[in-house]
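Step one of this worksheet: look at the structure below.
The values are calculated or read from the model by the stated rules, or taken from the named source; none is laboratory data. On a predicted model such as this, the values are computed, not experimentally measured, just so you know. Every residue, glycine among them, receives a Cβ derived from its backbone with ideal geometry; neighbour counts consider all protein chains shown. For accessibility, only protein heavy atoms count, side chains too; no ligands or nucleic acids. Shrake-Rupley method; radii C 1.70, N 1.55, O 1.52, S 1.80 Å.
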Amino acid sequence: HNATTTQGSQEPSIWTKSAMADDDGFVAASAEDLDILFLLISAMVVFFMQVGFSLLEIGSVQPKNTRNVLTKNIFDASVGAIWFCLTGYGVAFGKDYNGVIGTDLYFLQKDKGDMTGYEWAHFLFQWAFVATSATILSGAVADRIRLKAYMIFASYLSAFAYPMMVHWVWHGDGWLSAFRAEDRFMGCGVVDFAGSGVVHTTGGIAALVACWMIGPRHGVKFKDGKKYAPDAQSSVYQTTGCLVLWFGWFAFNGGSVLYISAASAVAARAMVFTALGAAIGGIATAIIVYAYEKQVIIGEALNGILAGLVSITAGCATMDLAGIIITSAIGGGVYFYANAWLAKNHLDDVVAAFPVHGACGIWGVIAAGLFSTPKYFKQAYNPDLVDKCSGLFYGGEGNQFLANFLFILICVSWSAANSAMVFWIMKKYRMFRVPALTEKAGVDLFLHNDNTGEEDNMDEDIAPSTEEEAEEHARMSATASGLEMLLSATQPFHGPEATDGDQLQAVSLDP
């Protein structure tokens, strides 16, 4: 992800390229052309992961919130593209200032000259990563976060919070970067090749903070250290979404070499280890779950696959096969016990975003500091630093492990502080969670109801213009007809029955 490029600002035009053709009309592709093509294809494949996230999330939520989840996934990619273009790319990859922040490339404008073809491709690839980090939060707080609250946070993450972390670790002069020419952090810089920390821990910690501040969904109960939640919509959607994510992860990890002309072996190995990490993580998780529950639970196996992927993302270019097997297998256990920890602490994470991305992201960065081999480290990073910066279990002096460990503390603190600040402001001004009536009936009914031609359209009835009308509407919703509507929109759940004291209270009807 190092943005330092060797391409000049003047590139051949299509006209001059055509003049270079041989007698048969063929033009030899340069190494730069191959790098650009590789990065463009990788960007498109990584962006296709948004389809996987969408399917996984709608499979995990209740049917009454399907359109809301899809809308959030479309919008976070959209606002991410806009904000990453305006400020995010400049913050992340602009000309460095003291290792902290970029000073040009805002609005995709350089201080001198024009963007090169490679830089255009690099922007597209990095935007696909931004969209991934923002989407992690969406599933965690599904069914109850306001759309505008989610858009505000996705904008802030794409414009500033995530790009800052990218600059520190992946910019050639970032203060935590392993690509610095001198004065590297702990003598080595951070090894986080494709983003277990930068992408997944950042998004996973934001998801944890959001779950803590917003509270559980209506209908979720906790008893004896277990969570009982409404039925998920579809295992078919969940499985399809997971497989699409697995497919996208080949480009997520392999594409992070950025230059296929110089690092084809690294890319190929990273992709092979991506396949194995997913497979081992899924099997390991299924075995652990069976040991406790005596059941093979498809949702847990799917999350185990993702846990294995997240765990090996930091070290996919520097570990050997043994390191990948150990890291992904332990990743399955990290996911399982992190998920159990959420239940014990009454935290409702709909898609297990924190266990998969946050906890396994943390483990992945630590594992890279333990299992990076000298042979593969010198292929992906500075070969002069092999003796000092290999993994602790492979003859390294411990500098790499310490750098990665301290980076995790920095990453967790940065993501938690930024997330808590934004969510606290929105919660203070009652912009964070949908009202109780909206949540029980489903956000789709109140915000995404497109049955405009039907007589029973409730758009006008459910949008009172005054506080008095809202209070009256809340009272009317407690009538038999209102309860019938709510009951028909609420899905059954497995677990303890709701108590007789459960009350329906609507303070506002604005979703």
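Against the 2.2 N^0.38 Å scaling, with N counting residues, where does segment 31-441 land? I'd like the Cα-based Rg ratio to two decimal places.
Working: Rg = 20.1 Å, N = 411, 2.2 N^0.38 = 21.7 Å.
With N residues counted in segment 31-441, Rg over 2.2 N^0.38 Å equals 0.93.
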Task: Debye intensity ratio I(q)/I(0), log10, segment 182-241, q values 0.16 Å⁻¹ (C-alpha model) - done: -0.83
TODO: Please list, in chain and number order, the residues 5+ apart from Asp104 or on another chain whose amide H is under 5 Å from its amide H, with Hs placed from the backbone.
DONE: Gly94, Lys95
Open item on the list: Per residue, how much accessible surface does segment 323-426 expose to a 1.4 Å probe? Answer in Å², no decimals.
Closed with: 37
- [ ] Averaging sequence separations of C-alpha pairs under 8 Å and six or more residues apart, then dividing by the length of segment 31-441, give the relative contact order as a whole percent.
- [x] 21
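Can you pull the Kirkwood radius for segment 272-395, inverse mean 1/r over Cα pairs, to one decimal in Å? Before the final figure, lay out each step's value.
Details: mean 1/r = 0.0688 Å⁻¹.
Mean inverse Cα-Cα distance, inverted, gives 14.5 Å.
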TODO: Choose one of Met426, Phe401, Tyr335: the residue whose Cα lies farthest towards the positive end of the charge dipole of segment 31-441 (beta-carbon charges +1 Lys, Arg; -1 Asp, Glu; about the Cα centre).
DONE: Met426
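Structure shown: which of Lys64/Lys226; Lys227/Lys427; Lys112/Lys375; Lys95/Lys427; Lys148/Lys227; Lys294/Lys427 lie over 32 Å apart, alpha-carbon to alpha-carbon?
Lys112/Lys375; Lys95/Lys427; Lys294/Lys427
About its Cα centre, what dipole magnitude does segment 22-175 give when the only charges are +1 on Lys and Arg Cβ and -1 on Asp and Glu Cβ, stated in debye to the nearest 20?
Details: 9 positive and 15 negative charges, 281 e Å.
The dipole of segment 22-175 has a size of about 1340 debye.
List the trypsin sites (Lys or Arg not before Pro) within segment 98-179 that fall in a DSSP loop (any state other than H, G, I, E or B) and whose Cβ has at most 11 other Cβ atoms within 10 Å. The partial results should precede the final answer.
Numbers: sites: Lys110, Lys112, Arg144, Arg146, Lys148; in loops: Lys110, Lys112, Arg144, Arg146.
Those that pass, being in a loop and sparsely packed, are Lys112.
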- [ ] Sort out for me the Cα centre separation of segment 154-188 from segment 338-414, rounded to whole Å.
- [x] 16
Open item on the list: Given a 1.4 Å probe and heavy atoms of the protein chains only, how would you sort Thr87, Thr116, largest accessible area at the top?
Closed with: Thr87, Thr116
TODO: Pull out a ≥ b ≥ c, the square roots of the eigenvalues of the alpha-carbon gyration tensor of segment 97-210, then state rounded if a/c is under 1.5, prolate if not and a/b is larger than b/c, and oblate in the remaining case.
DONE: oblate
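With a/c under 1.5 counting as rounded, go ahead and sort segment 327-397 into rounded, prolate or oblate using the C-alpha gyration tensor (a ≥ b ≥ c being the square roots of the eigenvalues; past the cut-off, prolate if a/b is larger than b/c, else oblate). It would help to have the intermediate numbers written out before the result.
Values: a/c = 3.93, a/b = 3.24, b/c = 1.21.
It comes out prolate by the Cα gyration axes.
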Open item on the list: Keeping all protein chains in the complex and leaving out DNA, RNA and ligands, what accessible area do you get for Trp424 with a 1.4 Å probe, in Å² to the nearest 10?
Closed with: 140
TODO: Provide the net charge surrounding Trp212, with neighbours chosen by a C-beta distance below 15 Å and charges set as Lys +1, Arg +1, Asp -1, Glu -1.
DONE: +4
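All other residues with a Cβ under 11 Å from the Cβ of Ala286 taken together, and with Lys, Arg as +1 and Asp, Glu as -1, what is their net charge?
On the way: positive: none; negative: Glu293, Glu300.
Result for the local shell: -2.
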Open item on the list: Could you report the accessible area of Met44 in Å², rounded to 10, computed with a 1.4 Å probe on the protein chains as they sit in the structure?
Closed with: 120
Open item on the list: What is the sum of charges, Lys and Arg at +1 and Asp and Glu at -1, for the other residues whose Cβ falls under 10 Å from the Cβ of Ser261?
Closed with: -3
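Can you bin segment 146-282 into rounded, prolate or oblate? Criterion: square roots of the alpha carbon gyration tensor eigenvalues sorted a ≥ b ≥ c, rounded for a/c under 1.5, prolate for a/b above b/c, oblate for the rest. Write out the running numbers ahead of the final one.
Working: a/c = 2.34, a/b = 1.47, b/c = 1.59.
Oblate, since a/c reaches 1.5 and b/c is not below a/b.
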Open item on the list: I'd like the accessible area for Tyr106, computed on protein heavy atoms only with a 1.4 Å probe and all protein chains in place. Round to 10 Å², please.
Closed with: 60
- [ ] Rank these residues by their accessible area, most exposed first, probe 1.4 Å: Asp450, Asp224.
- [x] Asp224, Asp450
Task: Probe 1.4 Å, all protein chains present, accessible-area order of Val412, Val296, largest first - done: Val296, Val412
TODO: Could you check how much of the accessible area of segment 31-441 is carbon and sulfur, as a whole percent, using a 1.4 Å probe?
DONE: 67
